[in-house]
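The block underneath contains the structure these notes are about, expressed in C-alpha cells.
Read the figures in this text as sums done on the coordinates, not as results from a lab. In this text, all values refer to a predicted model and were calculated from it rather than measured experimentally. Because the Cβ atoms are built from the backbone with ideal geometry, glycine has one as well, and the counts that use them run over all protein chains shown.
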Amino acid sequence: MKVVETEKLLRAQVKIWRSQGETLGFVPTMGALHQGHLRLVEAAQRLCDRVILSIYVNPTQFAPEEDYLRYPRPWVKDRALCQKNGVDLIYRPQNLYHPEGTTIVLEKELSQGRCGVTRPAHFQGVATVVTKLLNLVQPDRAFFGWKDAQQVEVIQRVVSDLNIPVKIEPVEIVRDRDGLAFSSRNVYLSAQERDRALAIPLLLQVAAGRRDRKKWLTQNLSKIKGIKLDYVEESQGRLCVAAWVGKTRLLDNWPISLK
Ligand code: PAF
C-alpha cells in the first residue's frame, strides 16, 4: 500500500494506473475509520481495479465553535486498517488550500434545509473539498455513505452541475451490533449517552413503516431524556434525523418502507 502526501506523487501514481488501463475507485474520508468506511472500500474494490482513500480533516466544513481541533486523528490505526483491507493508496495531504485561494463551490438548493440550517457553511466546505479531491484523484467512481444523506444529495448535484466525470456511488449505512450507525463522532459519546442514542435507530425503524412517520418520530424522540432533536425530514425515500446526544450531534436515516 502506498501513502502519498503531495499532489505530484498522487498524480504520478494515478497516471501509472491509468496507463495500465486500470479503473480507479475513490473513498474520501476524514480518517477515524470505522466499519462504515470499510464498507465503502469493499464496494470500491468490487467495482474498480484500484482503491484510493483520502484522509483529510477538512477545516472549511467546520464552524469555528465545532469540533475541528478535537476531531479524532488516529493515523497509525487508520493506516493499519487500510493496509489490512486492501486499500491501494492513501492520499493524506497536509493542506489542500492555497493560502490566497478565493474560490468556493456553493450548491444553492439542496444544501439549504436540514443540516444546512444549523451548519450554514458546512456544505459549502464539503462541496469545495470534494470537488478539489475529485479533480486531484480523477476517479471513475467515488463512494459515499448514506448516513450523510444530505451530503450525498449535494455531491450528486455538484458533480452533475459542474460536469465532473465521475460516478457517485452511495453505499448503505453500516450499524454497530447495538444498532447505532457507525460514525467517527461516536467516540465522543459516554456509555450513558450511547445507551440513550440507541433510541434513534430503534424509533427510526418503527417510524419508517408508519404513515404518520414524521409526526410520530418527532413526538417520540422529543420524549427521550438526553436527546435534543434538531430535525426529522423526508428525502430521497428516507426518513432522516439529526439530534444532539449531550454535546454530540448524530445523524441517521432509514429507508421509508410504507409508500
Ligand atoms: O463524509 C466525510 O467524511 C467528509 O464530509 C468528506 C466527504 C470526506 C469531505 O471532507
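Give, rounded to the nearest 20 debye, the magnitude of the charge dipole that the chain has about its Cα centre when Lys and Arg contribute +1 at Cβ and Asp and Glu contribute -1 at Cβ.
540
List every residue whose amide H lies under 5 Å from the amide H of Val3, counting only residues 5 or more places away in sequence or on a different chain, with H placed 1.01 Å from N in the peptide plane.
So Val3 has HN proximity to Ile90.
Which of the trypsin sites (Lys or Arg not before Pro) found in region 134-222 are in a DSSP loop and have at most 12 neighbouring Cβ atoms, other than their own, within 10 Å? Intermediate values should be presented prior to the final figure.
Working: sites: Arg141, Lys147, Arg157, Lys167, Arg175, Arg177, Arg185, Arg194, Arg196, Arg210, Arg211, Arg213, Lys214, Lys215; in loops: Arg177, Arg210, Arg211.
Those satisfying the criteria are Arg177, Arg211.
Calculated from DSSP H runs of 4 or more alone, at -39500 (n - 2.57) each and per residue, what is the 222 nm mean residue ellipticity of the chain, nearest 500? Provide the component values of the computation, followed by the final result.
Values: 9 runs with 95 residues, N = 259.
-11000 deg cm²/dmol, from helical runs alone.
Which ³J(HN,Hα) values in Hz, rounded to whole numbers, follow from the phi angles of region 77-82 under the Karplus curve 6.51 cos²θ - 1.76 cosθ + 1.60, where θ = phi - 60° and Gly and Pro get x?
These are the phi-based 3J(HN,Hα) values: 5, 4, 5, 5, 4, 5 Hz.
Indicate, rounded to the nearest 5 percent, the antiparallel portion of the DSSP beta bridges found entirely in region 122-259. Walk me through the intermediate numbers first.
Details: 17 of 22 bridges.
Here the share of antiparallel DSSP bridges comes out near 75 percent.
Distances longer than 33 Å among the Cα atoms of the chain: what percent of all pairs is that? Please list the in-between numbers first.
Numbers: 6574 of 33411 pairs.
Looking at the chain, the distances longer than 33 Å represent 20 percent of pairs.
Please give the net charge around Gly113, taking every other residue with its beta carbon less than 13 angstrom from that of Gly113, where Lys and Arg add +1 and Asp and Glu add -1. List each step's numbers first, then the result.
On the way: positive: Lys108, Arg114, Arg119; negative: Glu107, Glu109, Glu153, Asp230, Glu233, Glu234.
My count for the surroundings of Gly113 gives -3.
Hey, if you drop one equal point scatterer on each alpha-carbon of region 190-254 and run the Debye formula without solvent, what base-10 log of I(q)/I(0) do you get at q = 0.15, 0.20, 0.25 Å⁻¹?
-0.39, -0.69, -1.05
Looking at Leu198, Tyr97, Trp17, which one has the Cα that reaches farthest to the positive end of the dipole of the chain (charges on Cβ: Lys, Arg +1; Asp, Glu -1)?
Toward the positive end, the furthest listed residue is Leu198.
Residue by residue through region 50-67, what is 3J(HN,Hα) from phi via Karplus (6.51 cos²θ - 1.76 cosθ + 1.60, θ = phi - 60°)? Round to whole Hz and write x for glycine and proline.
With the stated coefficients, region 50-67 comes to 10, 10, 10, 10, 9, 10, 7, 7, 7, x, 6, 9, 10, 7, x, 8, 8, 9 Hz.
Ile168's amide H: which non-local residues (gap 5+, or another chain) put their own amide H closer than 5 Å, with H modeled 1.01 Å from N in plane and none for Pro or chain starts?
Long-range HN contacts for Ile168: Ala142.
Rank by packing, highest mean first: peptides 238-245, 158-165, with packing defined as the count of other Cβ atoms within 10 Å averaged across residues. List each step's numbers first, then the result.
Details: 238-245: 22.0, 158-165: 13.5.
Taking the mean over residues of other Cβ atoms within 10 Å, the ranking is 238-245, 158-165.
Would you grab the residues whose amide H sits under 5 Å from the one on Ser235? Only those 5+ places off in sequence or on another chain, please, with H modelled 1.01 Å from N.
Hits under the 5 Å cutoff: Cys240.
With charges only on Cβ, +1 for K and R and -1 for D and E, what is the dipole size of region 50-97 about its Cα centre, in debye, rounded to 20? Intermediate results must be reported in sequence, preceding the final value.
Numbers: 7 positive and 5 negative charges, 66 e Å.
Taking the Cα centre of region 50-97 as origin, the dipole is about 320 debye.
Less than 13 Å Cβ to Cβ from Ile227, Lys/Arg counted +1 and Asp/Glu -1: what total charge do the surrounding residues give? Intermediate results must be reported in sequence, preceding the final value.
On the way: positive: Arg194, Arg196, Lys223, Lys225, Lys228, Lys247, Arg249; negative: Glu193, Asp195, Asp230, Asp252.
Around Ile227, the surrounding residues sum to +3.
Relative contact order, percent, of the chain when contacts are C-alpha pairs under 8 Å separated by at least 6 residues? Don't skip to the answer; put the middle values down first.
Working: 431 pairs, mean separation 46.0, N = 259.
Over the chain, the number comes to 18 percent.
Could you tell me what percent of the DSSP beta bridges with both partners in the chain are antiparallel, to the nearest 5?
Percentage antiparallel, nearest 5: 45.
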